[in-house]
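This report refers to the structure that appears directly beneath it.
The values are calculated or read from the model by the stated rules, or taken from the named source; none is laboratory data. Source: prediction; values computed, not measured. Don't worry about glycine lacking a Cβ; one is built from the backbone with ideal geometry, like all the others, and counts go over all protein chains shown.
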Amino acid sequence: MTEGKIDVINHSRIAELGKRVLQGGEITRAEGEWLFALERTADIFDLMSWANRIRERFKGNKVHLCSIINIKAGGCSENCRFCAQSALYQTDSPRYSLIDEQSILSAAEEAQTNGVVGLGLVAAWRGLDEGPVLDELCERFEAMKQNGKARPDASLGIIRNQRVADRLKTAGVECYNHNLETSRGFYEKVCTTHSYDERVQTIRHLKAAGIGICSGGILGMGETRTDRCELAFSLKELGANVVPINILNPIDGTPFQDREPLPPMEVLKSIACFRFILPRQEIMVAGGRAVNLRDLQSMIFMAGASAMMVGNYLTTINQPVDKDLQMLKDLGLDPSWDKHGFSDQNGADSEGQNAVTQLEPVLAK
Ligand code: SF4
């Protein structure tokens with residue numbers, strides 16, 4: 001990042017794009033690339049002030065909180081180079097098999113106590129096919145649905161068969177996380193054991209089943225700003241409802257262990273660019289928040305984020321939930337997101353209420 005006064009030409013161009021998005025318009029890919037390429041701190045603050053207005057316009061002051069629980073850890077056959085859970089790398093990450101129903105219901109209860117709407121069940125494996133594991137998982141989701149403490153979400157890898165997605169929907173899964181991770185072009189530097197197209201196809205099966213799509217990526221793996229821009233546009237095309245932005249927290253033993261961390265202002269700028277490209281979606285800051293942003297964590301909302309993952313991540317520790325809730329209170333933001341649904345596709349009104357994709361949250365208040 002470079003210091004300096006606001007460049008008048010940049011200032012008016014950012015304002016022009018910001019106004020267009022506020023009025024329901026879109027920016028082009030070339031315009032998105034131009035935003036991602038901004039360097040001066042003053043320009044980035046300017047960009048963030050518009051991203052903040054766009055967030056206010058489409059999401060109000062509500063913040064969507066999610067948590068995850070690792071229901072099967074480590075020993076994964078895949079080679080995602082950022083991941084501590086791949087069996088191919090020597091890491092300190094724990095390994096265990098599918099946890100029992102009671103542990104999941106306790107996590108759902110804890111989520112509710114913390115005001116968290118969605119609880120994602122996450123498993124470290126390649127993906128999900130028909131068979132006894134799917135049967136067992138569906139029982140867990142049905143139990144969560146019945147218990148009603150938290151919205152049953154999932155992150156269970158690749159789905160190759162529409163029937164699997166349909167079964168999950170019937171069992172109560174409302175939102176499924178499956179990240180694109182990065183741009184199509186950079187993807188082969190991240191993972192070679194499954195393809196980008198398998199990821200895209202998984203999302204299509206889930207959409208066809210009527211399950212909400214949570215899909216985003218990881219910043220700081222060595223990708224260019226153009227790759228980040230391409231990721232944002234791919235997610236827009238796919239119709240993601242929630243877009244998690246993770247920032248790489250390099251794990252010892254993984255091939256990405258020595259990646260240089262991104263400067264916090266580069267992260268904030270990227271979040272703001274995602275908000276310009278995806279004005280109506282939930283933009284959720286997830287893994288790597290505390291370690292990469294440090295004292296600038298609260299600025300994610302000014303940069304346009306409308307959602308945050310709270311509680312621990314899969315293999316790394318987050319800051320305590322009460323600290324996050326205090327941060328929201330201090331900012332005057334409201335974590336009681338439950339009445340909003342996923343109001344993110346074209347057709348949502350100014351409050352984001354009348355969405356084409358309206359998913360009823362499980363939590364009734
Ligand atoms: S990201 Fe998922 S699929 Fe990739 S190695 Fe880790 S657990 Fe396996």
Checklist (1) within 29 Å of ASP334 (Cβ to Cβ); (2) not in a strand (DSSP E or B) applied to LEU65, failing item: (2)
Residue list for the stretch 27-53, restricted to those being free of Cβ contacts under 8 Å to residues at least 40 places away in the same chain, charged (D, E, K, R) and either outside any helix (DSSP H, G or I) or over 17 Å from ILE9 (Cβ atoms) (or both): GLU39, ARG40, ARG53
Candidate set from the stretch 155-199 (those that are part of a loop (DSSP other than H, G, I, E, B) and of a type in the set (A, V, I, L, M)); member that is farthest from THR224 (Cα to Cα): VAL173
Those residues of the stretch 54-84 which are away from the ligand (no atom under 16 Å from the Cβ) and farther than 30 Å from GLU109 by Cβ, in sequence order: ILE54, ARG55, GLU56, ARG57, PHE58
Evaluation of ILE99 against (1) free of Cβ contacts under 8 Å to residues at least 60 places away in the same chain; (2) of a type in the set (A, V, I, L, M); (3) within 16 Å of the ligand (Cβ to nearest atom); (4) outside any loop (DSSP other than H, G, I, E, B) (one fails), failing number: (4)
Residue within the stretch 123-137 that is at pLDDT 95 or above, more than 16 Å from the ligand (Cβ to nearest atom), among the hydrophobic types (A, V, I, L, M, F, W, C) and in a helix (DSSP H, G or I) present: yes
Residue check, ILE211 in contact with a Cys (Cβ under 7 Å, 6 or more places away or on another chain) and modelled with pLDDT of 95 or more: yes
